[in-house]
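> Dumping the structure here so I can ask a few things about it.
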Amino acid sequence: MKNSLLFIALLAFLPGLLFPRGNGDIPQSEEPVASGEGLYDRALPGQLLELTGRLSLRGSEPFPEPVLTDGEGHDWYITREDRRILSGYEQRIVTVRGRLELREMILANGENQGIRRILSGITLVK
């Protein structure tokens, strides 16, 4: 009886030992990162982007907003939560990765200011 259970267990595990499926052996592919010219018009909400541009602060204290202006002159706003990551880089050229959000900007008087492109989950690339 014990020998038959051992034989069944061996049959169940032997294929995995002889022919491993490679789970964990191959590195997981990273999520594609969009970058390059024309990104302002072609990027989709939720997409991971890599952008290079000059970092500046817009607005007045106590709520200035970090903004990355790319080489084409387009503004990409950075969430306030990620401001600390970029502190000390104001007026410098930086490369960042972040996830794109689109927000419709409507003023208090009801005037529509269009869509604002906002990057969240920022990481500093260089």
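> For region 39-124, give me the percentage of DSSP beta bridges that are antiparallel, rounded to the nearest 5 percent.
Bridges in region 39-124 are about 95 percent antiparallel.
> If you average the alpha carbon positions of region 101-126 and of region 59-88, how far apart do those two centres end up, in angstrom?
Their Cα centres are 11 Å away from one another.
> Taking the Cβ of residue 115 as the center, what net charge do the other residues with Cβ under 9 Å away carry, scoring Lys and Arg +1 and Asp and Glu -1?
Local net charge: +2.
> Excluding residue 44 itself, calculate the net charge of residues whose Cβ lies under 12 Å from the Cβ of residue 44, where each Lys or Arg counts +1 and each Asp or Glu counts -1.
+1
> Then there's this: Jot down the radius of gyration and Dmax of region 22-126, Cα atoms only, both in angstrom.
15.5, 60
Values quoted throughout were computed directly from the atomic coordinates according to the rules given, and no laboratory measurement underlies them. Because the structure is predicted, anything quoted here is derived from the model rather than measured. Neighbour counts run over all protein chains shown; Cβ positions are idealised from the backbone, glycine included.
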